Amino acid sequence: MSKVVKFGGSSLASAEQFEKVGKIIRADKARKYVVPSAPGKRFSADTKVTDMLYACYALAEEGKDFKAELKAIKERYEEIISGLKLNLSLDAEFEVIAKNFVEKAGDNYAASRGEYLNGIIMAKYLGYEFIDAATVIFFNESGDFDADKTDKILSAKLAGCKNAVVPGFYGSLPDGKVKTFSRGGSDVTGSIVAKAVKADVYENWTDVSGFLIADPRIIENPEAIDTITYRELRELAYMGATVLHEDAIFPVRREGIPINIRNTNAPEDDGTWIVESTCQKSKYVLTGIAGKKGFCSINIEKAMMNSEIGFGRKVLQAFEENGISFEHVPSGIDTMTVFVHQDEFMHKEQKVVAGLHRLADPDYIDIEADLALIAVVGRGMKSTRGTAARIFSALAHKNVNVKMIDQGSSELNIIIGVTNDDFETAIKAIYDIFVLTKL
């Protein structure tokens, strides 16, 4: 059996955290391949090393002196090395980094050094082979991840390694320059490595014991999710759940490799299992609730809209021409409403309105701002009658006015639109009716 284990920044922020990670890895011989993040915050007011690197490189790019800032970063790593009592010096590495900063190697290169250096320390600490991600993870000339080339070269490289450390977050372009994934991209690297070695499990270790049914900033001590499907996770991640980078599921999903979200500070917890499909029933009808504020709705009315071929295309073309993507498009016989991100739309609203009149010739257009969207997600909803009715009842009881409700044909999720002011109240009401009271 083989496992790929990825550890987040909070799990590797200090020597003490490194020791916890070491115990976790050594407790299971199947944990053969490790993907580390850069050191995160040691305490709430601390700064993540990646952010320190960005700030340091910004000075270099402006031609300003950055020695003090780079020295502070080096001290963070030396503190970890000293705490672990390792015979290791990063002097040569920092000389190369300083040289490349002066030569303006790019902010992708700068940001990637956090994982790169932590990977060197991790490999030394564990006695594993270190593999620079830039030599095995590739992007094409357009900057898109090259899955086929990566899988071929990474698989061959790891086939000859009993144990290895591959830093997360970055790879390389065809010209050899370092390219990073978006923030949180170490999750993606872990998934790529798991696919390459055809791992039995991809363990993603962080500072929480898996996914929670709702945001703990809104719901006090929400219940944990034992098992969630990839499709449910996609819905929740899209609507704001951030425990795992949403792109991390794709490489392992194609191989049927489950992801296990675990807590470095509570390794005895089972965490959350992310699987393709399962016969296990959810503890509750819903699997999770997630949402975002900051939307607006554009309501387009036109008599006999339903009989006009191509009307929907014309409406959406007005948004496309202005570079605005839509979130949801509920419609009626003579109405069509488009939900978009308010910050993207507000500076182009009159151009969009003009485009709608030019392309679709509507009778009336109405815009409403300061809206929130909430996703109620659960594979159990498909086999449970009256789910939408229970949601409406719970919201009505709390005097929440529902602006929109949209249910996909898969019956996996229900999207609810409310005002920003009602956002937290709505989530509490839904959580209460499905989890606390179980009515």
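The values are calculated or read from the model by the stated rules, or taken from the named source; none is laboratory data. Remember, predicted model here, so these are calculated numbers, not experimental data. Note that each Cβ is placed from the backbone with ideal geometry, even for glycine, and that neighbours are counted across all protein chains shown. Note: accessible area is taken over every heavy atom of the protein model, side chains too, but ligands, DNA and RNA are not part of it. Shrake-Rupley method; radii C 1.70, N 1.55, O 1.52, S 1.80 Å.
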Quiz item: Under 5 Å between amide H atoms, partner at least 5 residues away or on a different chain: which partners does residue 146 have, H built in plane at 1.01 Å?
Solution: 138, 139, 140
Self-check item: Sequence-distant lysines (8 or more away, or on other chains) whose Cα lies within less than 28 Å of residue 64
Solution: 41, 48, 74, 99, 104, 177, 179
Self-check item: Unit charges at the beta carbon, dipole of the chain: most positive-side option, 130, 285, 330
Solution: 130
Quiz prompt | Helix axis angle, 107-126 relative to the chain longest principal axis, alpha carbon, degrees | solution = 60
Exercise. Could you check how much of the accessible area of the chain is carbon and sulfur, as a whole percent, using a 1.4 Å probe?
Key: 48
Quiz item: Roughly speaking, what is the centre-to-centre gap between the range 40-110 and the range 266-322 when only Cα atoms are used, to the nearest Å?
Solution: 41
Exercise. Over every pair of different alpha-carbon atoms in the range 85-151, take the mean of 1/r and invert it; report that Kirkwood radius in Å.
Key: 13.7
Quiz item: Among all the aspartates and glutamates, which ones have a C-alpha under 14 Å from residue 382's C-alpha, if same-chain residues fewer than 8 places away are not counted?
Solution: 232, 411
Self-check item: the range 34-165, dipole about Cα centre (Lys/Arg Cβ +1, Asp/Glu Cβ -1), debye to the nearest 20
Solution: 500
Quiz item: Of [x] 20.9, 63; [y] 24.5, 82; [z] 24.5, 77, which is the value of Rg and Dmax of the Cα atoms in Å derived from the coordinates here?
Solution: [z]
Exercise. Note the full-extension length gain between residue 328 and residue 307 as 0.36 nm times their separation in residues minus their Cα-Cα distance, in nm to one decimal.
Key: 5.4 nm
Quiz prompt | Amide H partners (placed H, <5 Å) of residue 270, local residues excluded | solution = none
Self-check item: Solvent-accessible heavy-atom area per residue, rounded to whole Å², over the range 1-50 at 1.4 Å
Solution: 40
Exercise. Find how much the distance from residue 200 to residue 88 grows on full extension, using 0.36 nm per residue of separation minus their present alpha carbon separation; answer in nm with one decimal.
Key: 37.0 nm
Quiz prompt | Nearest-20 debye value, the chain charge dipole, Cβ charges on Lys, Arg, Asp, Glu | solution = 1440
Quiz item: Kirkwood Rh, Cα Rg: Rg to Rh for the range 248-346?
Solution: 1.16
Practice problem: Give me the distance between the Cα centres of the range 338-416 and the range 115-185, rounded to whole Å. | Solution: 41
Self-check item: Coil-residue trypsin sites (Lys or Arg not before Pro) of the range 277-333, DSSP, other Cβ within 10 Å capped at 16
Solution: 281, 283
Practice problem: Please tell me the relative contact order of the range 209-314 in percent, rounded to the nearest whole number, where contacts are Cα pairs under 8 Å and at least six residues apart. | Solution: 34
Quiz item: Any idea what the relative contact order of the range 41-167 is, in percent, if you count C-alpha pairs under 8 Å spaced at least 6 apart?
Solution: 24
Quiz item: What number, in percent, do you get for the relative contact order of the chain if the mean sequence gap of Cα pairs under 8 Å and at least 6 apart is divided by its residue count?
Solution: 13
Exercise. DSSP loop (so not H, G, I, E, B), at most 16 other Cβ within 10 Å: list which GluC sites (Glu not before Pro) in the range 28-81 pass both filters.
Key: 62
Exercise. Can you list which of the trypsin sites (Lys or Arg not before Pro) found in the range 99-178 are DSSP loop residues with at most 14 other C-beta atoms within 10 Å?
Key: 104, 162, 177
Self-check item: Stokes-Einstein D (µm²/s) once Rh is taken as the Kirkwood radius of the range 256-311 over alpha-carbon pairs, at 4 °C in 1.567 mPa s
Solution: 77
Exercise. Using only Cα atoms, find the angle between the long axis of helix 349-360 and the longest principal axis of the chain, and express it within 0 to 90 degrees, rounded to the nearest 10.
Key: 50
Exercise. Only bridges with both residues in the chain count here: give the DSSP antiparallel percent, nearest 5.
Key: 65
